[in-house]
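The values are calculated or read from the model by the stated rules, or taken from the named source; none is laboratory data. This is a predicted model, so every value here is computed, not measured. All Cβ positions, glycine included, derive from the backbone under ideal geometry; neighbour counts span all protein chains shown. Note: accessible area is taken over every heavy atom of the protein model, side chains too, but ligands, DNA and RNA are not part of it. Shrake-Rupley method; radii C 1.70, N 1.55, O 1.52, S 1.80 Å.
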There are 6 protein chains.
Amino acid sequence: MRADGRAIDELRPVTIERGWSDQAEGSALISCGRTKVLCTASFTNGVPRWMSGKGKGWVTAEYAMLPRSTNERMAREAVKGKIGGRTHEISRLVGRSLRAVVDMKALGENTIVIDCDVLQADGGTRTAAITGAYVALFDALEWGREQKFIGQKAQPLTDSVAAISVGIVKGVPMLDLAYTEDSSAQTDMNVVVTGRGSFVEVQGTAEGAPFDRAELNSLLDLALAGTVTLTELQNAALGR
Amino acid sequence: MRADGRAIDELRPVTIERGWSDQAEGSALISCGRTKVLCTASFTNGVPRWMSGKGKGWVTAEYAMLPRSTNERMAREAVKGKIGGRTHEISRLVGRSLRAVVDMKALGENTIVIDCDVLQADGGTRTAAITGAYVALFDALEWGREQKFIGQKAQPLTDSVAAISVGIVKGVPMLDLAYTEDSSAQTDMNVVVTGRGSFVEVQGTAEGAPFDRAELNSLLDLALAGTVTLTELQNAALGR
Amino acid sequence: MRADGRAIDELRPVTIERGWSDQAEGSALISCGRTKVLCTASFTNGVPRWMSGKGKGWVTAEYAMLPRSTNERMAREAVKGKIGGRTHEISRLVGRSLRAVVDMKALGENTIVIDCDVLQADGGTRTAAITGAYVALFDALEWGREQKFIGQKAQPLTDSVAAISVGIVKGVPMLDLAYTEDSSAQTDMNVVVTGRGSFVEVQGTAEGAPFDRAELNSLLDLALAGTVTLTELQNAALGR
Amino acid sequence: MRADGRAIDELRPVTIERGWSDQAEGSALISCGRTKVLCTASFTNGVPRWMSGKGKGWVTAEYAMLPRSTNERMAREAVKGKIGGRTHEISRLVGRSLRAVVDMKALGENTIVIDCDVLQADGGTRTAAITGAYVALFDALEWGREQKFIGQKAQPLTDSVAAISVGIVKGVPMLDLAYTEDSSAQTDMNVVVTGRGSFVEVQGTAEGAPFDRAELNSLLDLALAGTVTLTELQNAALGR
Amino acid sequence: MRADGRAIDELRPVTIERGWSDQAEGSALISCGRTKVLCTASFTNGVPRWMSGKGKGWVTAEYAMLPRSTNERMAREAVKGKIGGRTHEISRLVGRSLRAVVDMKALGENTIVIDCDVLQADGGTRTAAITGAYVALFDALEWGREQKFIGQKAQPLTDSVAAISVGIVKGVPMLDLAYTEDSSAQTDMNVVVTGRGSFVEVQGTAEGAPFDRAELNSLLDLALAGTVTLTELQNAALGR
Amino acid sequence: MRADGRAIDELRPVTIERGWSDQAEGSALISCGRTKVLCTASFTNGVPRWMSGKGKGWVTAEYAMLPRSTNERMAREAVKGKIGGRTHEISRLVGRSLRAVVDMKALGENTIVIDCDVLQADGGTRTAAITGAYVALFDALEWGREQKFIGQKAQPLTDSVAAISVGIVKGVPMLDLAYTEDSSAQTDMNVVVTGRGSFVEVQGTAEGAPFDRAELNSLLDLALAGTVTLTELQNAALGR
């Protein structure tokens, strides 16, 4: 039994508030248990100068945590004057994950910037960010279509994408680690999966003892099942 | 008549969600029309080394905007690697405003860091930050008292504090400017007032034509009336 | 009686050395008691790319202190690698104050950068900077006219501008605070006034006890009288 | 057939020059084809203040590329004044990979800093860095034992560790990608494996089309075979 | 004949205003023609922690230029967020030059920070800085002796120090280059000499054609003669 | 007798591995005793925008040390986020030294960036960098000629250039100081000399007692003899 009473293959309660922001072209506030991430997608017609003339668009992402999203207040990266390694790493992961389901030709010469700001953190912030960002991205693309920056027949999205963490805690593989589980896990894995069930990213790390192939397989089984549910929740939020 | 139908001496609808954060010792999500600011107060027992041994505490504040809180996405200050002048200026204003109602001796050797993060911006973010931060500060002090870091009889708060913007738009002094009003104002003033009605800060700036003493007086009248209402809303949120 | 024997409504001795610099288009070394600020105005024909084609000019300002302008040496901001909040705040104040008396259309597509470097500090550096910078600005505009970058009939200056600090020390409102007065003031106010007597900026801050409306009025009376004198000194320096 | 004539499951020629540096406590210059990485391990008796008194040591790593290690010169991160996301990500990966085979209790209160500087880059620099750094780490630990900073019977190393890249190029899974292969790969995976054959890290990324479970398994098979060979080469270099 | 009518072995007019600053323990405003440098020496009892307990003091220096000291305004290094190579180089030169005439044992555990801020620049700013800084240093040491931070019989100064630039312009070696001469010089040399006539620094650079040994000797002859005069002016300023 | 048995006018063993890098247009790994510096020259057709249209090229240089090139590990400048004064100073010296033998008109609108990375340091790294960089520069220019970016008859090199350190250790002038000699030298001098025997730079610094003219002359004699040998070694490496 887990601290919060969940089964080992059970997700925390997930809610996705689509269109949370009045300002952004697309947005979603996603909650996974106590983890809350505000995801916005900003659509700009045009691409940076070095990309122009190629008929292709660009999608990029930035991830950050509010200083008191965590149990102990963290110093702001803006105050420290530099971005930490973890922030960089996650921003890059979110960007790659979303680009994996975007056809840049169909997007045309448009730029989308995803911002994922963690308002409250209790484990799984990077995977919640990806899952929420997909919803924001979807709406920003619809906005671009309405504004006729994207052609009426173009299909920039080739699939949906969602992500979940899995890990081995006290020898037991489990789904969707909360912070206390994550910080005591021997192995921690983040898995990004498309709506059709293919992998975009598999990032497994032995924090304690190395893991063997059987354990890797158990973790992937859990992650694939979890992302099926997340895909359904994304579709429900999008009214599909 | 104003764009949103308000009278010239009318505040936008204000809501204060006390205790929004599960992590911080005190918190409030304040909304003033479309402006939304998440305020947290982080309590730490002890003070920085250079202050220790004096029997006094410290209160400081940081203000920031999410990149897509605004109509056009702004680059993150962490990414630019430096904090802009406006951010610095507002962080300092918020900190001074709260310190004005704290008795540092009664606080004892404890530190409170206020974070005001603008989730959505539509004018008046700095004054909303101060008004919301007072609620967060109140709860953080109560927490400190429960934890016995503050003496049972100590009264660190000497008063409450709230703030509002006023300005002259097309020759007419008005209360609580929304973004479109603020950006066309000739004169813009932020006023920070205690619950008992004294000034903590008066910051008036002629963005266009200079203002005379009669105009200054009209603006102060509006601001004093507006902060009376805000004080009532703070008390209501705090159940007093 | 004040420490230096002045009456409460008396300015310190003020001198303005116009044309102190051989290099700048306009310059003034202003002394207010022991406070000395070197103000230069650098005139550039043309505006930054993002402003061009609008037929308007731009005036901006930077303020800084030499490391040993103060009683204790301060670390250089260039060495620390970042500009502090106070510096930012004052640079912005100086820029806004001068822009308030410049007609950007009449200036035409020209840029003026004001530099105010505090050589010695004894209170009132920001207000001395504004008062001296006006003289430097005047001469830079004349230079621009001589060079025919500004039209012969254009009147970029709509008024003059000067500034002074006032404050409440031990319950007594007084004019032009020296450093020791400033550091023990309950309330500190900087007031920027045009030659015709309108306000450009009113920035009052309660460092100790909040202030009431009567006190605010006393401070404004002192400031308005003081800036009348400063305006006369500016005119004398400019030979008008 | 691959561009350089290798079989799909064939490593590039690998050489490990142990003790390349006269200055470091442990060092190795590893070449994998044209990729050359200088790895040093710096041993310091003692740990940072925040870790002291716990009887445990610390191992950390930094990765960097010389500006002309690549085909086009890259700007130096020191000149840009900040470290890029990729550099951070790899430094963290190298550090985690080595810590996975170190018993921090057995290391005692000693600190080891690994530096991996890429002198020439042709793909696989991060995995070469890990493989070479293990050899440098081994010698630095021996040095610590000789100096009696580590107990004579303590066994800080619990296993060896090596790493290799694998990927899917034009639909074909292959081992040890050179730069031209890597830049055209659909899926790219870095695998870190202990001498006993367990996983420390599995990082697979779909750069183009997402990958399925069968492809993941093929890549893991290749990686496990490749790291067996690398482990043998490490042992040979260490004379074991 | 030179542009300003000087002989090739003639210094520009030099004035040294000793005690220019009311704040610093020692100060001098030195003018060499149109070049003006404000030099202050800040005396602190005690040394940085890493030096304490050795019975020795420390002297360090920082050099900077005001943004409009030059004919074209330069961006502030504080605004750019980093210190340029030239500034670093000159700060180091000034510090070394002064340390060369200080007996750190006789200084005792005291720290002196020299600040040389160029108010107006017309060539020779680094050598003027050294020559003026010596006067400021002298007075700061006297101050330290009066305060009894330095022993009554200790002689921290082992000699005086002054500096001058020389160069080859259109094939002619000349003394004390003004800016227009310096920018067209083939060879430029800065020479730092003690009062007794020994070299502390000789820094010669061929900006155009390399120079031969005869030219080097001519330049050294000029510099040695020039620094004899500067030493006399320093002594006169110090009333010796 | 010196610690390593050399005569006072004897160089350490020097080797120059021309073409060490597969990536750069020109490269050399130079060893002077235990000092090893990797020098690369990167050739780019074209010049920065501000230089274009003048028919001239540009040569610039950057110098850096690997963190464990030294006996004690140094923090990386990229990690510290700023470049130190010494690094700046040496980068500028290397650039000036090479530009002294390049005819920028003959180079045409092409840019060469020299990188000198110290792999192992034992004194004399800056002079080794200059001596090695000349070889790299030579080959990069040949490459530019082969690519027809430089005219077939153009002679961008006007001479060769080499550098050596000399110093006074325990009163004795000596050639090519190793680290332990350098750190105890009273006077330290770096001399940059062309193949024809003229000076490009003479930088002598009294670290301890000032030096007189006779000592200066002895040091220059040693340096001129040493650079004759280095010039021969450069020619041998280049097969001339």
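Annotations
- Residues in region F:186-240 that are more than 21 Å from residue F:16 (Cβ to Cβ), open to solvent by 20 Å² or more (accessible area, probe 1.4 Å) and not in a helix (DSSP H, G or I): F:186, F:188, F:198, F:203, F:207, F:208, F:209, F:210, F:212.
- Test result for residue B:119, among the hydrophobic types (A, V, I, L, M, F, W, C), closer than 29 Å to residue B:72 by Cβ, assigned to a strand (DSSP E or B) and in contact (Cβ under 8 Å) with a residue 40 or more places away in the chain: yes
- Some residue of region B:144-158 being open to solvent by less than 20 Å² (accessible area, probe 1.4 Å) and within 18 Å of residue B:229 (Cα to Cα): no
- Filter result (β-branched (Val, Ile, Thr), closer than 28 Å to residue C:28 by Cβ and either surrounded by fewer than 24 Cβ atoms within 10 Å (Cβ to Cβ) or touching a Ser or Thr at 6+ places or on another chain (Cβ under 6 Å) (or both)) within region E:93-135: E:118, E:125
- When B:135, B:166 are checked against the criterion of being within 14 Å of the chain's Cα centre (by Cα) and touching a residue at least 24 places away in the same chain (Cβ under 8 Å), B:135 stands alone in meeting it.
- Among residues of region E:221-240 that are modelled with pLDDT of 95 or more, those with a Cβ under 8 angstrom from a residue that is among the aromatic types (Phe, Trp, Tyr) and assigned to a helix (DSSP H, G or I), sequence gap 6+ or separate chain, pair up as E:234/E:134; E:238/E:138.
- Number of residues in region A:60-90 that are of a type in the set (Val, Ile, Thr) and within 14 Å of chain D (Cβ to nearest Cβ) equals 4.
- Residue, farthest from residue C:68 (Cα to Cα), within region C:90-128, restricted to residues that are charged (D, E, K, R) and over 13 Å from the mean Cα position of the chain (by Cα): C:105
- Residue match in region A:98-115 (condition: farther than 30 Å from residue D:81 by Cβ, within 9 Å of another protein chain (Cβ to nearest Cβ) and touching a residue at least 40 places away in the same chain (Cβ under 8 Å)): yes
- Residues in region F:19-65 that are among the basic types (Lys, Arg) and surrounded by fewer than 20 Cβ atoms within 10 Å (Cβ to Cβ) were compared, and the one that is farthest from residue F:125 (Cα to Cα) is F:54.
- Strands (runs of 3 or more DSSP E) within region B:1-79 that include 1 or more residues more than 24 Å from residue A:22 (Cα to Cα) and either without any contact (Cβ under 8 Å) to a residue 60 or more places away in the chain or not aliphatic (A, V, I, L, M) (or both): B:26-32, B:35-45, B:58-65
- Region D:80-92, subset of a type outside the set (Asp, Glu) and assigned to a helix (DSSP H, G or I), residue surrounded by the most Cβ atoms within 10 Å (Cβ to Cβ): D:90
- Only a single criterion out of (1) more than 9 Å from chain C (Cβ to nearest Cβ); (2) touching a strand residue (DSSP E or B) at 6+ places or on another chain (Cβ under 9 Å); (3) open to solvent by 10 Å² or more (accessible area, probe 1.4 Å) is not satisfied by residue E:3, namely (2).
- Of the residues making up region F:165-177, those that are away from chain E (no Cβ under 14 Å), open to solvent by less than 10 Å² (accessible area, probe 1.4 Å) and not polar (S, T, N, Q) number 3.
- So residue C:129, is it modelled with pLDDT of 95 or more and out of contact with any His (no Cβ under 6 Å at 6 or more places or on another chain): yes
- The condition of being at pLDDT 95 or above, at negative phi and not polar (S, T, N, Q) does not hold for residue A:79.
- Conditions (1) over 17 Å from residue A:74 (Cα atoms); (2) buried (at least 19 other Cβ atoms within 10 Å of the Cβ); number of the one not met by residue B:77: (1)
- When residues of region A:186-198 are limited to those that are over 19 Å from residue D:190 (Cα atoms) and modelled with pLDDT of 95 or more, the one farthest from the other protein chains (Cβ to nearest Cβ): A:195
- When C:201, C:207 are screened for being modelled with pLDDT under 95, at negative phi and within 11 Å of chain B (Cβ to nearest Cβ), only C:207 passes.
- Being under 13 Å from the mean Cα position of the chain (by Cα) and farther than 25 Å from residue F:90 by Cβ is a property that holds for residue E:40.
- Evaluation of residue E:134 against the conditions (1) farther than 23 Å from residue C:80 by Cβ; (2) within 12 Å of another protein chain (Cβ to nearest Cβ) shows that the sole unmet condition is (2).
- Residues in region C:206-215 include none that are of a type in the set (Gly, Ala, Ser), closer than 29 Å to residue C:41 by Cβ and in contact with a Phe, Trp or Tyr (Cβ under 8 Å, 6 or more places away or on another chain).
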